[in-house]
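Take a look at the structure below.
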Amino acid sequence: MTPGTDVFDPRLYARGIPHDTYRALRDSTPVAWQDEYEVLGWPAGPGFWAVTRHHDVVGVLKDTRTFSSYLGATQIRDPDPADLPFIRRMMLNQDPPAHGRLRRMVSRAFTPGRTDRFTDAVRTRARELLRTAYATARDGDGTVDLVRTVTDEYALLNLTDLLGVPRSDRGLLLAWTERVIAYQDPDEPPVLGPDGTPLDPRSPAMLREMFAYAQELAAHKRAHPGDDVITSLAHADLSEGELEMFFFLLTVAGNDTVRSAAPGGFLALAEHPGTQRLLRAGAFRLDTAVEELLRVHPPVLHFRRTATEDCVLAGQRVRAGDKVVVFHASANHDERVFDDPHRLDPGRSPNPHVSFGDGPHICLGAHFARLQLRALHEEALRALPPYTVAAPPRRLVSHFINGLKSLPLRLSSGAGAVGDGEVPGR
């Protein structure tokens with residue numbers, strides 16, 4: 001690995017996305033070997049190829065024959081060989097045609113029609129949380145942590161409504177999500193195995209409690225059906241293991257997609273007050289603006305595939321069995337695809353970002369995520385005055401999730417919120 005081109009170390013991302021390194025790789029070595037050294041108590045691995053150009057990222061994600069999700073799953077770190085058959089039961093870690101069967105089945109539960117029926121509840125929740133945040137800032141020093149007061153709860157409660165999780169159990173989902181997503185972060189100490197090494201949060205031992213709950217909830221939904229995703233899955237032709245894995249995937253990915261993207265969008269607007277002002281004035285459509293906010297702050301930083309055969313990728317020879325990791329945040333800022341990619345342009349069109357992936361594994365919940373983000377930003381234009389960054393955000397220590405642990409915003413005291421009228425740009 002060339003010095004200064006490391007994109008593996010999770011601690012790098014606590015300082016922000018390493019855009020300079022990404023650009024250096026795109027320009028000189030778009031498929032670059034990365035050492036996978038021991039870090040934060042996690043053991044070393046064999047290394048991997050980092051794919052940083054948009055064209056190649058899309059190519060890898062679409063070519064499931066050459067680049068498999070099944071062989072070694074989709075995380076950089078290799079799972080314990082004993083856990084691999086278990087991990088492969090998840091739709092995310094399968095290839096066509098098995099992947100297609102599961103995706104079609106869950107798609108019938110996760111329809112746009114069902115998610116659209118939650119629009120009013122989502123909008124009401126956004127309005128209430130934002131108004132509380134505004135009152136907190138007004139009664140204090142004019143600042144508010146948007147993650148603590150708004151976005152964490154917003155994402156979790158919207159998801160649990162869609163899934164049909166009782167209100168009393170929602171804290172469980174947050175705890176399980178934290179365990180899986182924040183496993184590299186020192187604020188979430190790992191659970192150690194008998195040999196003193198960290199236990200993989202996706203291993204059977206670490207997911208036993210979640211899976212038992214999934215079966216209990218499914219049994220309840222069979223007896224007491226509702227208009228929710230778990231009711232649909234409980235009545236689908238799924239094995240117990242497939243049901244459990246769907247619950248895991250929807251709980252973790254469904255929560256953290258919005259939980260990461262929402263504060264990232266507010267951070268981008270807080271750092272660009274002129275652009276925020278134009279958005280408030282109705283200069284851009286909000287649906288287009290949301291796509292740009294997703295481009296500059298993708299919720300997921302990478303996904304891994306494994307080469308099924310020897311091949312050549314962007315001029316680089318890749319051997320069968322090599323790990324091939326696509327970097328979404330780099331692809332989203334590729335100068336070959338996006339003019340002036342580091343400029344926040346809420347009117348950017350077309351905007352072929354890969355924040356929700358591409359190919360057969362494109363995010364199943366993208367429609368619901370977009371719905372939530374649009375509603376949140378629409379209500380923020382009503383409920384909040386102009387805002388700027390009050391202190392540097394605290395970022396998640398992770399090379400996988402582009403998360404913010406806190407986002408202190410300063411709300412302007414010289415201008416009120418838009419009020420309850422029409423949203424600019426709507």
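The values are calculated or read from the model by the stated rules, or taken from the named source; none is laboratory data. Just so it is clear, the structure is predicted and the values come from calculations on it, not from any experiment. We place every Cβ from the backbone using ideal geometry, glycine too, and count neighbours over all the protein chains shown. What goes into the accessible areas is simple: the full protein's heavy atoms, side chains included, and nothing from ligands, DNA or RNA. Shrake-Rupley method; radii C 1.70, N 1.55, O 1.52, S 1.80 Å.
Dipole magnitude for region 246-376: computed about the Cα centre from +1 point charges on Lys and Arg Cβ and -1 point charges on Asp and Glu Cβ, it is near 260 debye. Sorting Leu192, Leu84 by solvent-accessible area of protein heavy atoms yields Leu192, Leu84, largest first, with a 1.4 Å probe. Relative to the Cα centre, the charge distribution of region 1-113, modelled as +1 at Lys and Arg Cβ and -1 at Asp and Glu Cβ, gives a dipole magnitude of about 800 debye. Checking the a/c ratio against 1.5 first, then a/b against b/c, what shape does the Cα gyration tensor give for region 154-216? Since a/c reaches 1.5 but b/c is at least a/b, the shape of region 154-216 is classed as oblate. Backbone amide hydrogens, once placed in the peptide plane, bring Asp95 within less than 5 Å of Tyr70, excluding anything fewer than 5 places away on its chain.
Entry comment: accessible area of region 91-164 is 43 Å² per residue, from protein heavy atoms only and a probe of 1.4 Å.
Take the solvent-accessible surface of the protein heavy atoms, probe 1.4 Å, and return the percent of it on region 172-320 that carbon and sulfur atoms account for. Intermediate values should be presented prior to the final figure.
On the way: 3180 of 5830 Å².
The C+S portion of the solvent-accessible surface of region 172-320 is 55 percent.
Using the rule -39500 (n - 2.57) for each DSSP H run of four or more residues, divided by the residues of the chain, the 222 nm mean residue ellipticity is -13500 deg cm²/dmol.
Listed by chain and number, the lysines placed with their C-alpha closer than 20 angstrom to that of Lys323 are Lys62; residues fewer than eight positions away on the same chain are left out. Please say if the chain is rounded, prolate or oblate, where rounded means a/c under 1.5 for a ≥ b ≥ c the square roots of the C-alpha gyration tensor eigenvalues, and otherwise the choice is prolate for a/b larger than b/c and oblate otherwise? Oblate.
Basic side chains Lys and Arg get +1 at the Cβ, acidic Asp and Glu get -1 at the Cβ, and with that the dipole of the chain about its Cα centre reaches some 900 debye. Selection among Pro46, Pro18, Ala126 by position relative to the dipole of region 9-159 gives Ala126 as farthest towards the positive end (Cβ unit charges, Cα centre).
Under the classification rounded if a/c is under 1.5, otherwise prolate if a/b is larger than b/c and oblate if not, where does region 230-329 fall, given a ≥ b ≥ c as square roots of the Cα gyration tensor eigenvalues? Since a/c reaches 1.5 but b/c is at least a/b, the shape of region 230-329 is classed as oblate.
Computed from the C-beta positions of Val312 and Leu192, the FRET efficiency with R₀ = 45 Å rounds to 0.60.
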